[in-house]
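Remarks on the structure that follows.
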Amino acid sequence: MPSQTHLLNRAYQLIETSQLTDAELVLEALILDSPQNLEPWKAYICLCNSPEDLSWLKERIILTREIRAIDKCELLISCDIALRDLQEIARPYVQIWVDTEDHDEMEDPQESRIIFELLEEYQYIDTPVMPAVHKSSPQKTAYSFPDFGLGLLAIFFIAVRFLVLGYYSGVPLLILLLFGFAQWLDESSKSK
């Protein structure tokens, strides 16, 4: 197999001659052979000509484990720059050709092109916007499971401990536990 630098130079030649499919195949082989090498990735970024291609390549860069984190950041930044450049190219523009007095001699199109950036139109509201006033209504505090459920569990263990030790004060705690459990079930059914 030829060296990677030779294949990379061949891929750049194919890109320059607009043989993008062949260049993509060469770059794909280089990336599969050594994914940690940044040069084929950068050439692949130059090959992308749509935002969808760049987003696909960004995902592929992120998912490739062989690339170091710092190199991933560099490649992702390069993808973002290429995406920004693609979006600037895609902006609509208006071409105005300037005719000279003699219609046979046209000026160079590159020198006579004027680019206008089209702006969106915004409609402004004539009436002032009043801020929304929120009225606070008194609400019943609903206890969540970690607060109320853990409290009931603690009461249960204390009541059982008292009963095991022979203290009759565990009985009122069990009654309190039953009422608290009923209230907890009622609150949880209302919140759903």
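The values are calculated or read from the model by the stated rules, or taken from the named source; none is laboratory data. Computed from a predicted model, the values in this text were never measured in an experiment. When we count neighbours, we look across all protein chains shown, and the Cβ atoms used for this are built from the backbone with ideal geometry, even at glycine.
Taking L63, is it more than 27 Å from T17 (Cα to Cα), at pLDDT below 55 and not acidic (D, E)?
Against the criterion (more than 27 Å from T17 (Cα to Cα), at pLDDT below 55 and not acidic (D, E)), L63 does not qualify.
So, of the residues in the stretch 126-178 that are among the charged types (D, E, K, R) and at pLDDT below 85, which turns out to be nearest to K190 (Cα to Cα)?
Only one residue tops the list, namely K140.
Restricting attention to the stretch 57-83, which residues are under 16 Å from the mean Cα position of the chain (by Cα), farther than 13 Å from W41 by Cα and loosely packed, with under 14 Cβ neighbours inside 10 Å?
Passing the criteria: L63, D80.
Would the stretch 29-40 turn up any residue that is closer than 17 Å to R65 by Cα, among the aliphatic types (A, V, I, L, M) and in contact (Cβ under 8 Å) with a residue 24 or more places away in the chain?
yes
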